[in-house]
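The structure under discussion appears below in the form of structure tokens.
FYI, it's all coordinate maths here, none of it is from the lab. All values derive from a computational prediction rather than experimental measurement. Neighbour counts run over all protein chains shown; Cβ positions are idealised from the backbone, glycine included.
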Amino acid sequence: MRTRSIAIATIMVLLMGCATRAPYQGSPFIKWEHDGAIHSFDKASAYTATFLAKHISENSTVLEFQGKQLEFQSLGPVQDNTDIESYKVRIPGPLGEGLYTINAQQTIGTLTAQDKLTLRVFPSRLITGTLQSGEEISNEEEIKGLITSLSKGDVMEFDAIPSSGLFIPEQQFKTIVKGLKNDITLIGTNVHYTDEYTIPIETDKIGVKIIWQDPLDQKVQVQVFPSDGTEFVESMPGIKRPRIVCGDISRIINEHDPVFHISIEVKAPIYLDMTTTIENVKIDVIEHNVNGYNIVPIDSPKLINGTWVMSFKLAGTLPIIRGTGGSIKIKCKATAKSTNGEISPEAVKTCRFNVVY
């Protein structure tokens, strides 16, 4: 009887031990997604990443960033009949430009699994750089110049390069253009000539901005162009500048009256639904080189048979000697005017001619 009591007591102790011992949960597992690296910008309101880890009841998963533990949330099992779940972590922003590390660790029993995520933060702007010549270049200033110089009837075209370069895919950016016949939103940072985004005649103002949208959190958007805090780079396009074509110079034929004429063609911009005319044609001498003589203008430009002509004269000892010659460099300026009185920006063209007698 005593022997049987001892056996029962022994069984009870073993059963109690089995009831209090934690069930075996296997080896820990934790791994960052995104190939262990994410990229963002310094004006982002938050930085989001996801990782995979074994689901366990006890709190054995720890994320650490800059000496502080981070909270995270489960997105559910990666597939049915598995104990591996997907988790999301969100770091409040903004963070300064630089390289950061987020450490992840899961411990089960005496075993620990670890993984590191790299977060690279770029300045919220387009790319800048220095050429071998030492010249500073700015993609933002270049594109601002292109946008603000657009005229009615021009086709918009530019190539923007965010400071992130190739680290952040093109499809994560959006280019927003307002002021066309319909406001447009393009995927990417480039507007190509073949897209045929033409500035309408009736447009008074156009605007462009480029934003980045975090693929892991659609609420996080960062404007990378313009970077000065304004919402759009805006421009008030006028009518197109006229096109100036360097023409001809006549020979000097009179040794006692050494006059020559320079012709310039100034072409008015063409619109289907608007007529333009040429205004304010000016021709100025920039430099000249004829030994022993100065070159002086005789009159102002005159429109003769569709070409603008201006006359000049050699001032010096007369009669001039056969073979006398040199060169003259002039600058021609002109504007165009529409039927409603709108004046174009000034067109400027420099031309060089040989002076011959």
| task | In a Gaussian network model over the chain where Cα atoms closer than 10 Å are linked, find which of Glu346, Glu135, Glu33 has the largest mean-square fluctuation. | result | Glu135
| How much net charge surrounds Ile137 when only other residues with a Cβ under 14 Å from its Cβ are counted (Lys, Arg +1; Asp, Glu -1)? | -4
| Cα-based helix-to-principal-axis angle, 2-20 vs the chain, degrees rounded to 10 | 10
| Shape call, the stretch 24-122: gyration tensor on alpha carbons, a/c limit 1.5 | prolate
| query | PRE reach from Ile201 (point 7 Å along Cα→Cβ): which of the stretch 244-275 fall under 18 Å by backbone N? | reply | 268-275
| field | Stretch gain in nm, segment Glu142-Val259, where the contour uses 0.36 nm per residue and the Cα spacing is subtracted | value | 37.7 nm
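Quick one: grab the alpha carbon gyration tensor of the stretch 128-235, order the square roots of its eigenvalues as a ≥ b ≥ c, and give me rounded if a/c is under 1.5, else prolate or oblate depending on whether a/b is larger than b/c.
Numbers: a/c = 1.85, a/b = 1.18, b/c = 1.56.
Oblate shape, in that a/c is at least 1.5 and b/c is the bigger or equal ratio.
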| DSSP loop trypsin sites (Lys or Arg not before Pro) in the stretch 155-239 with at most 16 other Cβ atoms within 10 Å of their Cβ, which ones? | Lys181, Lys205, Lys219
| field | Added length on full extension, which subtracts the Cα-Cα distance from 0.36 nm per residue, Thr194 to Gln132 | value | 19.1 nm
| If we count other beta carbons within 10 Å of each Cβ, what is the order of Thr61, Thr101, fewest first? | Thr101, Thr61
| So what's the angle, to the nearest 10 degrees on a 0 to 90 scale, between helix 139-148 and the longest Cα principal axis of the chain? | 50
| field | Cβ charges +1 (Lys, Arg) and -1 (Asp, Glu), total dipole of the chain, debye | value | 280
| said: With a 10 Å cut-off between alpha carbons and a GNM built on the chain, which of Ile84, Ile343, Ile38 moves the most? | reply: Ile84
| said: Looking at the chain as a GNM with Cα springs under 10 Å, which of Ser133, Ser163, Ser227 has the largest mean-square fluctuation? | reply: Ser133
| request: Can you list which of the chymotrypsin sites (Phe, Trp or Tyr not before Pro) found in the stretch 251-331 are DSSP loop residues with at most 16 other C-beta atoms within 10 Å? | output: Tyr271
